[in-house]
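No lab work stands behind these numbers, since they all come straight from the coordinates. Model, not experiment: these values are computed from the prediction. Counting neighbours? That spans all protein chains shown, and the Cβs are built from the backbone with ideal geometry, glycine included.
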Amino acid sequence: MMNQISPLNPAISLFQRLQSRKSPVSMLMPPSMTEETLPFTVRVVSSTEDLNKAVAIRHAAYARHLPEFAETLKNPEPYDFDDGVAILLAESKLDGSALGSMRIQTNLYAPLDLEDTVSLPNWLQGRSLAEASRLGVTQDRVGRMVKTVLFKAFFDYCEQQRVDYMVITARSPVDRQYERLMFDDVYPDLGYVPLKHVANLPHRIMSFEVATAETRWAAAQHPLFNFIFRTHHPDIDVTKSALRVERRNVLGTSLPQATAAVC
């Protein structure tokens, strides 16, 4: 964190560029846009109850594949409360149960979590970035759909926040899913890197340029092109809201059980 920034600091130019750049999100749907409702909603958490539901599905997801690491995820993490962080929560319309969660951290206020381990390459220096982490979805049949919708919500959030690159870290074989979404390696020569913020487990670091996404997906005739770019989902609301939670009220509390799969 910085209290004073010199005019020559790249953080200033980044902030000024973000402020002056027009948002790509339009208030009106293009003529070719269709509307589709979902059996669940996705929104940014804004209360203790929301956060507890997100953390419960997160813990359950990691407990299935990484039980030792999951022991550290039973409660909200300090990162959950940082400026520039939004936590997405997917909830069933039927009973309000949590179906999935994802944490998004931008680098507007602080470096990304992955920067605790590696330095960003020159082509990402001074760019607006958002790292998605702690992704977990229900093991129910709807889980696969929830995962896809969370990706769309992540993309929509990055458009609204004028992010240049989406960044993820993924272990094998989950990284293949991001290859299919046309993410590229940030460090092609490094392969899988042990990362501090995921218990030093080897992860592949990948990025996705937001501004060129529609053009690239159209050229590749990506099977999700219409879903992401030509379908309006009113059940996705990624309007950023402040997390109205005092740390002392939630840190160290036990959370309800959930069953989920880490992605």
Anisotropy class of segment 29-128 from Cα gyration tensor, a/c 1.5 cut: oblate
Label-point gap, in nm, between residue 37 and residue 174 - each point 7 angstrom along Cα→Cβ: 3.2 nm
Global form of segment 32-262, assessed from the alpha-carbon gyration tensor, a/c cut-off 1.5: rounded
Among beta bridges that DSSP assigns inside segment 107-219, antiparallel share in %, nearest 5: 75 percent
Highest average packing first - 114-122, 132-140, Cβ atoms within 10 Å: 132-140, 114-122
Relative contact order (%) - criterion: Cα under 8 Å, at least six apart; region: segment 32-262: 33 percent
13 Å beta-carbon shell around residue 58, net charge (K/R +1, D/E -1): +1
For peptides 224-236, 199-211, sequence by mean Cβ density within 10 Å, most packed first: 199-211, 224-236
Under 18 Å from residue 240, Cα to Cα: aspartates and glutamates that are on another chain or at least 8 residues apart: 49, 50, 80, 82, 83, 91, 131, 156, 159, 164
Set of aspartates and glutamates near residue 196 by C-alpha distance (under 13 Å), chain-local residues within fewer than 8 positions excluded: 113, 115, 116
For peptides 217-223, 48-54, sequence by mean Cβ density within 10 Å, most packed first: 48-54, 217-223
